[in-house]
Structures are given as C-alpha cells and as structure tokens.
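Structure record follows, encoded as structure tokens.
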Amino acid sequence: MWRIFISRRFAVSLLVLMLGLLILAILLPNPSILSPEEIRTIKEQRPYLFKITEILGIQGLTASPFFFVLPFLIFISTAICTWTRLQSRLKSGGAEIEGRVFKAAKEVTVKGEAKIVRSRFLKAFSSPLWSVQENIKEEIPILIAHRGRFGFWGSMLFHLGLLTVLLATIVTGLTLFTGEMLLTEGYPIPLKEEGFLKVWRRPFFGMKLPDEAITLEEFKRVFKDNKYPIDYIATVRVGEKDGFSFLKDIRVNDPLKYQGLQYNIDRYGFAPSFVIKGKDGKVLFDGDINLVLVGGQEDSFQIPDTDIGITVRFYPDFVMTKDGPRTRSDILNNPVFSIKVTREGIVMKQGFLYMGQEAEMTDIMITYTGIKYWVHILVARDWGAPVLFIGLVFLVIGLIARLLFYEKGLNVVINAEGENCIVKVSGYTKYFPAFFEREIKKIIEEVTK
Amino acid sequence: MIQLEGILLWLGVGGYVLSILAYLVGLIFKKEKAAVWGFWFISFGFILHTVSIATRWIVTGHPPVIAGYEHSLFGSWFIILLFFTIRIWLPKIELFGIAIIPFALFVLGNGIMTASVHEPLSPPYQSNWLWVHITFAWFAYGSFSVAAAIAILYLLRVGIISKFLERLPEPEILDDLIFRFIFFGFISLTIEVGAGAIWAKGLWGRYWGWDPVETWSLISWLTYGINLHLRTTLGWQGSKAAWLTIISFVAIIITFFGIGFVVGIHTQLL
C-alpha cells in the first residue's frame, strides 16, 4: 500500500483521472448557466443526456462523495511522497541529487600552465550562484562546482503549497456559509436567517448570524457618456437593536465586511411604487414591487385579497418603435410602465403609465408614485480563503525556485601536459540538458580564449 | 475600432503575413537574406500592433482586457513578444516565426471577427487583481501556444522533412525550449488562477464556484501540471513529450470552445 502511495505513477494516475472527469463534466450542459427553458428542453428532448449531466455534470460531480475521495487520495499521495523525499534528503545531507539527472562530458586541450587554466575556470565560476570546492589529487587540481541547492526546497515548497490548497478546500467545506438577500430601498431586513431569500450553505459546525438589521438607504448608478455603467453604490445602514448603527457604501469590488461575513452587491433592479384603489376608493395596495425578471425590469404580482393580477414591464428610457415599446438605455430619462391587468389569468386591460400618472384599468385605479431600487446581495463566510491564498503563495514561490535554481554541477580535472593542459569537464544537470551542454561549451570557450 | 487603430492593426497584420512569406522563402530556398527580411517584417508588424494597442488604451482609458476582441489583440501581442524573448536566448532562430506567427494570427483573427466596442471598464472589472489575472493569463496561454508551436517544429525537425529544417536549432534544444515554456506558462497560470480566486473572493465572497471558466482554468492547470510531472519525474522527452504538448494545447482550446456547449462567462448581471 505504502509503495502505491509513494509511486509517482499513482500520483499522475490520480491527476489524469481528475482531469478526465473535469473535461467530461465541462463538456456536458451546465444547468447553472442555462435558462429554465433550456434545461426543460434538454430534459424533454434528450433525457439520457440530462441524466448523465445530473451525475457527471460539473454540479453533480463536484457534489458527489467520489469527488471528495479523489483530492483526498491526491493529498495523501502528495504528503507521503513529500515526507519520503524529505527524509532521504535529510539522510543524505544533500550530497545526492534525487531522481533522474542528465550527464555531459567534454575533453579539451588548453594552452597554458595548469595554474593559469585553474584560475580561468575559477573566474568562469565566479557567479555567487556557483559554489566551488577544490581537491588536489596526486597534484592534479579538480574543481567541483555546483549550484541549485534551492531547487529541492522549491519542489518541497510547491508540494507544501499543494497540500495547503487541498487543506483549504477542506476548511472551506467545513466553514462555508453562503446565502442571498434582497434589499429594497427604505426597508430594514434582519441579518438573521429569516431575512435571507435563501441560505445555500451552512457551516458544518453551525454559526451565529448578527442579531441586527440592514437597510438599503440609497442605491446609485454612475454612467459614462450616459451609456456605460462605471459604478454601482449601495449605501446601507447596519443597525443594532440598541440603536447604534453605521452607514457603509457597498461597491461591486468593495463589499461590506461585518462580523466575519461578507456582503457583496450581485445585481439590482427597479422597484416601482404603486397605489391601487378599488372602485369604491378603498386602497387595495400601497407599496413597492421588486421587478426581478428581465434584468430587474419586469414582474407579475397579485393584489392581496383579490383575483386581480398585474404584470408590470418597466422602460427606464422609453421609446415607441415600429417593433413596439423599447428602452434606449438603463438610465431613468423617460421612465414608463406598461401595465397588464388580468383576472383569473385573462387579460382585462393593458396600457402605459407615466410617472405620477393615474390610470383607470377595468375596475381599479392605478397610480405610479415613484421608483426605487432593489439590490441583490450575496452573503458569504469562508475561512478556507486565507489558507488557500497562503497555499498559492507557496505554490508560486516553490515553482519559481524550482525553475531558477535547479541542480547542476561540473567537475573540472586539469592535467598538465608540457605547455598545455588536458582538461576534462564532466557534469550533471537536473533539467535542460541541451542548454547545459551549451553552457559547458561556453565555459570552455571562455577558458580557451 | 477607431480608424487609426484599425489602420495600424491591419498594417501590423500585413507585416506578420509578409514575415511568414519571407521565412518560408528563406527555409525552402535556403536564402539567408529572406530570413533577415522576415525578422524586419515581424518587427514592423509588432511595432504597429503595439501602437494600435496603445491607441485603443488611450481611447478607452484602460488596457485591452475585456471582451473577445481586446483579449485577442493583447493575447496575440504576447505571443509575438514571446517570439522576441526566444531570440534573446537563441538569436539565430528567426525561422521559428513560421510556427509562432500563424498562432498569433489565429488568435488575432478569432478576435477581429467579434465586436470591438470602445467601452469603459464596467464595475466588476475595476479591480487591481484583474490586471494580474489577465496579464498572467496571457503569459500562460502565450507560453503554451509557443510551446505547442515549437513542439510542431520539433516533430518536423526529427521527421521526414528534417532536411528542410536543418537551419533550426538541434531537436534537443527545441525539446528544452518546450519544457522551459511549459514551466514558465505553468507558473504564470498558477498566478493567474490565484489572482482570479482573490478577485472572485472580493466580487462574490467565494474564491471558487465551479463556473465554466474557473473549471476550464483548473483543467488547464491540471493538464500542464501532468505535463511537467511526466517530464520531471517519469522522464518524458523527445517526440513523446512533443506530442503530449500539442495534444494538451489542442485539448484546452477544444475544451474552452466546447464549455457546456455554451461559452459561459464569470460575471452575472452587474
């Protein structure tokens, strides 16, 4: 068993298996990026594909226990392999280069005395990256130069980084909280679970949410050239029960961080204010409607205690074209509503409504009194994130050290023969043997100049 | 595309095409001078390409890092930049252009066919991590494309048309170069994925969400991680490793265009 785990073939096999599963998963339809209609079409027209997608699609795969076993095995294999390499390194004291090395050798005749040739070689190794030792055996100088002692530690750091990243995914799995909230301007919403639209994920060991409320005080959009959005600012008030509160501007890349939770703006929409009165003048509805369909511009709702349904489509910059009503932009230049009144699903009346306008539609009066915004907030807490970032730093430093400081060494034996010297240069390198041969050639050229 | 930017870019493309022709003449008819002309043409193309990017940068107020057109404009520029980088190590390898420039033109051509609207950065893209993410993405994918191009040359060099390619460096040097580019690309890819994770954490509160592009980045990372593992620990080199390099590159391209049969993006409505 131990042998299997320390086998590098086993590690590669695990990585290949993971890669294969991910490739298959990514090529299958992904329900998270498909519309409900597209999902329904696949389900009806290609049920076998839908079944496969449920199991092997990215959502199904990453939620399956098997997908947790695979990284776990990679973690164990990497940990054992790293530990084994570290042990053998500490045992050898770095005297041996682990794994495969490439060897090269060259013999040349160099003009000049052995002493001069020796000093020329020492000059060639003058870079601080080379560490040079000299042995004299039977009056023959042997220069032993090597570099790249950090390379091994780079590899170790990379493995440590990989282990840390895998550990981070476990920490995330145990501590992740995700949910979503919908805030409409002016309405306080509890930060407790009852204030959430949906809680997607709870931490394994549970968690306490703040016992306070959040209110969207104002939502602002900034456009460039009256066309391109360049900033979204949601000013929120977070208040405690005892009356203490503070204001914070949440921007897209600048979330609210409060009591270990992060609140990000995800999307926004319009929330028109309507007053709806019955024939007798009785107020049937007086409030704001969050339009959450068609990019926050359309929705339907039922007037409480009646069988009257209303479908609202909002045009922030209304224009009537030959193809029907359109909006020129998202800017509130000419806000107009198209309103459809239905009774038991049958359309009774439809028309347009301008700001402040009151319209009679069948037996109700609708007044459009103002416009607000709603903002969709993603709430998250993840203790795995800092662990992941530490792991990534280890990975990058480890890889750079491995690439820059890989092991290579040269032995130079200088044999004096009359006025010349026969120099034998032999060496090893961990990587890039062809470049190493060029390097040897270059050193020899410098020495024989 | 404003007029000046377009003119500069098309002239640059012309320079690249002429350089391929010059290199081909140099290779087939063994004309040294044609290879020199090839280098001048590619330099001319690169300068105009650079000025075209700078023009766009000035007009939009941000580096070209959003949408398909800008990605291809910048990505192809990185590939050519890597060609010049190889020349620092191996000055007499102009003929590499035959393999590398078509890759750059393929990337550029793919982008030119898409809309090139001049837009300011939308709020999700206004993060310093974006620059790190995108820059290293192009270093990574630029390196992988160059590695794949050299792998093709390697196979030609050791294969049936080796006689025509004697002026290229020895196969062993090509093999080392492939390894270097994959190694460098892998480091860049790791930084790209890391910067993307930090950016995602600030944007959505989570560092990973298995969205199509994230999954694809992980696929690329695993692909080239396996490549390196096979080379460093199991001793893959030569033709076997060259084929692996080409297959890896083709696989990540196909995977990208085949994402769930729908190319998904990270961002939602905002």
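With r defined as the distance between the Cβ atoms of A:Lys43 and A:Asn334 and R0 fixed at 45 Å, what FRET efficiency is calculated, to the nearest 0.05?
Numbers: r = 41 Å, r/R0 = 0.91.
So the FRET efficiency works out to roughly 0.65.
With runs of 4+ DSSP H residues as the only contributors, calculate the mean residue ellipticity of chain A at 222 nm using -39,500 (n - 2.57) per run, divided by the residue total and rounded to the nearest 500.
Working: 10 runs with 153 residues, N = 449.
Rounded to the nearest 500, the figure is -11000 deg cm²/dmol.
Between A:Ser127 and A:Val393, what length in nm is gained on full extension when 0.36 nm per residue of separation is reduced by their alpha carbon distance? Could you put the intermediate results ahead of the total?
Numbers: separation 266, 0.36 × 266 = 95.76 nm, distance 2.81 nm.
Once the chain is fully extended between A:Ser127 and A:Val393, it gains 93.0 nm.
How far is the Cα center of the range A:46-97 from the Cα center of the range A:373-449, in Å?
26
Where the only charges are on Cβ atoms (+1 Lys, Arg; -1 Asp, Glu), what is the dipole of the range A:271-371 about its Cα centre, to the nearest 20 debye? Provide the component values of the computation, followed by the final result.
Values: 10 positive and 14 negative charges, 65 e Å.
It works out to roughly 320 debye.
Where the convex hull is taken over the Cα atoms of chain A, what is its projected area averaged over directions, in nm²?
Values: hull surface 144.7 nm².
Over every viewing direction, the Cα hull of chain A projects on average to 36.2 nm².
If one takes the longest principal axis of the Cα atoms in chain A, at what angle in degrees, from 0 to 90 and to the nearest 10, does the Cα axis of helix A:433-448 lie?
Compared with the principal axis, the helix lies near 50 degrees.
Out of B:Val13, B:Val65, B:Val117, any idea which swings most in a Gaussian network model of chain B, alpha carbons joined below 10 Å?
B:Val117
Putting +1 on Lys and Arg Cβ atoms and -1 on Asp and Glu Cβ atoms, find which of A:Ala124, A:Pro304, B:Phe46 reaches farthest to the positive end of the dipole of the protein assembly as shown.
A:Ala124
Mind checking the dipole of the protein assembly as shown: about its Cα centre, +1 per Lys or Arg Cβ, -1 per Asp or Glu Cβ, Debye to the nearest 20?
Working: 70 positive and 61 negative charges, 552 e Å.
Here the size comes out at about 2640 debye.
In this model, which of A:Lys198/A:Lys340; A:Lys103/B:Lys33; A:Lys115/A:Lys408; A:Lys372/B:Lys201 are farther than 32 Å apart at the alpha-carbon? Walk me through the intermediate numbers first.
On the way: A:Lys198/A:Lys340 30 Å; A:Lys103/B:Lys33 38 Å; A:Lys115/A:Lys408 25 Å; A:Lys372/B:Lys201 29 Å.
Over 32 Å Cα-Cα: A:Lys103/B:Lys33.
7 Å from Cα along Cα→Cβ at both A:Asp323 and A:Asp307: what's the point-to-point distance in nm?
3.8
Calculated from DSSP H runs of 4 or more alone, at -39500 (n - 2.57) each and per residue, what is the 222 nm mean residue ellipticity of chain B, nearest 500?
Details: 8 runs with 200 residues, N = 270.
Rounded to the nearest 500, the figure is -26500 deg cm²/dmol.
Based on other C-beta atoms within 10 Å, arrange A:Lys372, A:Lys349, A:Lys430 from fewest to most. Before the final figure, lay out the partial values.
Details: A:Lys372 18, A:Lys349 15, A:Lys430 23.
By the 10 Å Cβ count, ascending: A:Lys349, A:Lys372, A:Lys430.
Return the distance in nm (one decimal) between the two label points of a simple spin-label model at B:Phe106 and A:Glu98, each offset 7 Å from Cα along Cα→Cβ.
It works out to 3.8 nm between the two label points.
First measure r as the distance between the Cβ atoms of A:Thr62 and A:Ile140, then evaluate 1/(1 + (r/R0)^6) with R0 = 51 Å and state the FRET efficiency to the nearest 0.05.
Details: r = 64 Å, r/R0 = 1.25.
That pair, A:Thr62 with A:Ile140, gives E of 0.20.
Give the Cα extents of the range A:286-329 along the principal axes, in whole Å, largest first.
Principal extents (Cα only, largest first): 38, 18, 17 Å.
Starting from 0.36 nm per residue, how many nanometres of slack lie between B:Thr85 and B:Ile58 once their C-alpha separation is accounted for? Write out the running numbers ahead of the final one.
Details: separation 27, 0.36 × 27 = 9.72 nm, distance 2.63 nm.
Between B:Thr85 and B:Ile58, full extension yields 7.1 nm more.
Between A:Thr448, A:Ile214, A:Gly151, whose Cα lies farthest towards the positive end of the dipole of the protein assembly as shown when Lys and Arg beta carbons carry +1 and Asp and Glu beta carbons carry -1, centred on the Cα centre?
It is A:Thr448.
Which order results if B:Glu166, A:Glu212 are arranged by neighbouring Cβ count within 10 Å, fewest first?
B:Glu166, A:Glu212
Using a Förster radius of 60 Å, what is the FRET efficiency between B:Lys33 and A:Val16 based on their Cβ-Cβ separation? Nearest 0.05, please. List each step's numbers first, then the result.
On the way: r = 48 Å, r/R0 = 0.80.
E(calc), rounded to 0.05, equals 0.80.
Going from the alpha-carbon gyration tensor of chain B, what semi-axes, largest first and in whole Å, does one get by taking the root of 5 times each eigenvalue? List each step's numbers first, then the result.
Details: eigenvalues 201, 126, 37 Å².
Over the Cα atoms of chain B, the ellipsoid semi-axes are 32, 25, 14 Å.
For chain A, modelled as a GNM with alpha-carbon contacts under 10 angstrom, which of A:Pro433, A:Pro128, A:Pro188 fluctuates the most?
Among A:Pro433, A:Pro128, A:Pro188, the largest GNM mean-square fluctuation belongs to A:Pro128.
How many angstrom lie between the C-alpha centres of the range B:1-20 and the range B:65-130?
The distance from the Cα centre of the range B:1-20 to that of the range B:65-130 comes to 13 Å.
Using Stokes-Einstein with the Kirkwood hydrodynamic radius over Cα pairs, what translational diffusion coefficient do you get for the range A:103-247 at 25 °C and a viscosity of 0.890 mPa s, in µm²/s rounded to a whole number? The partial results should precede the final answer.
Numbers: Rh = 23.2 Å.
The diffusion coefficient I find is 106 µm²/s.
With the contact rule set at Cα under 8 Å and sequence spacing of 6 or more, what percent relative contact order holds for the range B:1-121?
Values: 154 pairs, mean separation 36.6, N = 121.
This gives 30 percent for the range B:1-121.
Say the dipole of the range B:1-121 comes from +1 at the beta carbon of Lys and Arg and -1 at that of Asp and Glu; which of B:Thr60, B:Val117, B:Pro102 then lies farthest toward its positive end?
Checking the options against the dipole of the range B:1-121, the answer is B:Pro102.
With 10 angstrom as the radius, rank A:Met1, A:Met355 by how many other C-beta atoms surround their C-beta, starting from the fewest. Please list the in-between numbers first.
Values: A:Met1 5, A:Met355 14.
Result, fewest neighbours first: A:Met1, A:Met355.
Obtain the nm distance between the two label points defined at B:Thr233 and A:Arg251 by a simple spin-label model: each point lies 7 Å from its Cα along the Cα-to-C-beta direction.
Distance between the two pseudo-spin positions: 4.5 nm.
Relative to the present Cα-Cα distance, how much length would full extension add between A:Glu446 and A:Phe204 at 0.36 nm per residue of separation? Could the numbers behind the result be given before it?
Numbers: separation 242, 0.36 × 242 = 87.12 nm, distance 6.55 nm.
My answer for the length gained is 80.6 nm.
Build a GNM of chain A with springs between Cα atoms under 10 Å: which of A:Glu107, A:Glu44, A:Glu217 gets the top mean-square fluctuation?
Fluctuation is largest for A:Glu44.
Computed from the coordinates by the stated procedures, all read-outs in this text should not be read as laboratory data. Computed from a predicted structure; not experimentally measured. Please note: Cβ atoms are built from the backbone with ideal geometry, for glycine as well, and neighbour counts cover all protein chains shown.
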